[in-house]
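What follows is a set of notes on a single structure, which appears directly below.
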Amino acid sequence: MIAIINPDTPKPIVEGLMSHGFTPVTIPLCTTVQRPIAGHPDIQLCMIHNFVIYNPAIEQFISKLLHQSQYIPIRGQSIVQPAYPYDCAYNCACTGIVAFHNTKATDTAIQEVLHRCSVPLIHVKQGYTKCSTCIINTDAIITSDSTIHRAAPKNNITSLLIQPGTITLPGYPYGFIGGASGLCHDTVYVTGTLAKHPDTAKIEDFIRNHGKNIIYLSKMPAIDTGSIFFLDI
């Protein structure tokens, strides 16, 4: 099992992934965005079922990684650029039955794959929806973004709204729950502990009540590394 991660991921998190049987693979840096998010996988990747839509700049990396796998690589149409919203074209949050994004920014290839998979794309003001959304299963999410939270129940998605903050993101005031986690089968993996988060108990209960486990990959405070993408390779 492969875990696509940020090359800046702290060693304890990498070791935590390895201790749970994952092979960490670092994504190439995106040289066209600000350095603090240059290594964030969710800036350059979007997964929809077995489709992996990617920033054209990492085509060689994706082609090699997905060679002879069950995943279908789809070259994105958007060139990631420094300024918002042109840096979040691939940062779309797809639960499997619905996707949330600021549709003014969504890459064309992502839109086409969503249509092909009969997954509705729901417009929200937030462009960094993957960063902002911890996907628990196809019909449950955790987010600190009120626009995503309000849109969720209108589309048959149960949403837990949590307070922003306490999750770190170097170079920014704070990070987000989606960027500090990744879902693999029946487990939500979090980069570090949420002990200082005011909604820790709610988060853990919500995850368990939806039939998932939660594992903290390190003893350090949770850090937004740009999501962890798990691949059965």
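Derivation of every value follows stated rules applied to the coordinates shown; laboratory data play no part. Just so you know, these numbers come straight off a predicted model, no measurement behind them. Cβ atoms come from the backbone with ideal geometry, glycine included; neighbour counts cover every protein chain shown.
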Legend entry - Reach of Lys104 by Cα under 16 Å, taken over lysines that are not fewer than 8 positions away in the same chain: Lys125, Lys130
Inset, instruction - Quick one: grab the alpha carbon gyration tensor of the range 36-135, order the square roots of its eigenvalues as a ≥ b ≥ c, and give me rounded if a/c is under 1.5, else prolate or oblate depending on whether a/b is larger than b/c. - result: oblate
Legend entry - Potential lengthening between Thr138 and Gln70 on full extension [0.36 nm per residue; Cα-Cα distance subtracted]: 22.4 nm
Legend entry - Mean Cα-pair separation over length for the range 87-188, i.e. relative contact order, pairs under 8 Å, 6 or more apart, %: 23
Inset, instruction - Could you work out the per residue convex hull volume over the alpha carbons of the chain, in cubic angstrom? - result: 107
Legend entry - Beta bridges by DSSP in the chain, antiparallel share as percent, to the nearest 5: 45
Legend entry - Loop-resident sites, the range 59-130, for trypsin sites (Lys or Arg not before Pro), counting at most 16 other Cβ within 10 Å (DSSP): Lys104, Lys125
